[in-house]
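The values are calculated or read from the model by the stated rules, or taken from the named source; none is laboratory data. Just so we're clear, the structure is a prediction, and the values are computed from it rather than from any experiment. Cβ placement follows ideal geometry from the backbone for every residue including glycine, while neighbour counts extend to all protein chains displayed. Heads up: the accessible areas ignore ligands, DNA and RNA and are worked out on the full protein's heavy atoms, side chains in. Shrake-Rupley method; radii C 1.70, N 1.55, O 1.52, S 1.80 Å.
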Amino acid sequence: MPIRDVLFPMLSHPVATTADSVERAAALAAGLGAHIVGVTFELDIRSPVGLYAHPAGIGGMFAAETRKSASNARDLIAAFDDVCARQVAMQRGTMYEHLLEHCTPNEVARILVDHARLRDLAIFPVNPEDPGQRSLVEALIFESGRPVLLLPETTTRQLPSSFDRAAVAWDHSRPAARAIADALPMLQAAKHVHVVTVVDEKHLRKPHSGVELCKHLARHGVEVTFDKTPAEGRTIGEVLEGYAIERDIDLVMGAYGHSRLREFILGGATKRVLTHPFTWTLVSH
């Protein structure tokens, strides 16, 4: 199924989504021929109940943060509408809309999940300066039933608006198979796809099944090759990052397993993957 409906969360607090991320998300949606929904939040930021009898001035501090969120939300909507309108004017974009939600910070994850369930894909802008984002990303991955495309806001790499070269982490697991199915429209659009199995890092029940996966993808019109790469003491995430940088990969794809520690299949460095993606990274569960 092609990707025709995209959700783009635009966070207003404590760190606002950047204008560059708005531009990148809109350009990517335009390249996919997808409708894009930008959702942002005016947050009602209140002091926790029973916070030391509310020290003097703390109410004003929370009121200022609430105003900051509202101002950022208005700016994000203006930037989003401007970028999307320019995409349409250049005949590069499709339909777009923005949504403004009024809620408390604790309600953001639930609202995002509700919206994501009604779309094909969520594009999430990741900023490592906001540690609270990880819980939002995990909620989308685990609860929405939809793939999540991580957009790194602070990367020094040039992020393309289309994916010519993609790398897929493959270990013959159920989550990896689901990731392939979720990513198929993007794989079909790529000029070349690398299926990558990392060896010597964990036991693989079928270490050569990547060859058969390549045949499957080729039947869907994907130009694909299979590579086995040794771990050499590194996590799978580190191996794949090095592999992608060496081959100038535009998009990395993997799966988020349902192990006891909820580890990312690309390696146990879950926090690194979700808070510091080095390029566009598609994750599904």
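Brief remarks on what is shown
- Cα-based reach from Lys68 at 14 Å (exclusive), listing aspartates and glutamates while leaving out same-chain residues under 8 positions away: Glu42, Asp44
- If you run the Gaussian network model on the chain, springs between alpha carbon atoms under 10 Å, then out of Ala139, Ala27, Ala183 the most flexible one is Ala139.
- Sites Ala231 and Ala181 - FRET efficiency at Förster radius 22 Å, r taken between beta-carbons, to 0.05: 0.25
- Values of log10 I(q)/I(0), in the order q = 0.07, 0.10, 0.14, 0.16 Å⁻¹, for the chain under a Debye, Cα-only, solvent-free model: -0.27, -0.54, -0.99, -1.23
- Theoretical gain in end-to-end length, Glu143 to Lys68 [0.36 nm per residue, Cα-Cα removed]: 24.1 nm
- Comparing Ala26, Ala244, Ala78 in a Gaussian network model of the chain (Cα springs below 10 Å), the most mobile by mean-square fluctuation is Ala78.
- Cβ-derived FRET efficiency at R0 25 Å, Arg247 paired with His220, nearest 0.05: 0.70
- When both the range 17-44 and the range 165-185 are represented by their alpha-carbon centers, they are found 24 Å apart.
- Building the convex hull from the alpha-carbon atoms of the range 1-159 and averaging its projection over directions returns 10.0 nm².
- Look at the alpha carbon pairs under 8 Å that are at least 6 residues apart: their mean separation over the length of the chain gives a relative contact order of 19 percent.
- Zone of Ser162's modelled label, taken as backbone nitrogen in the range 12-34 under 17 Å from a point 7 Å along Cα→Cβ: 24-34
- Heavy-atom surface of the range 137-202, accessible at 1.4 Å and reported per residue (Å²): 38
- Axial C-alpha extent at least 27 Å, average Kyte-Doolittle at least -1.0 - helices from the chain (DSSP): 58-89
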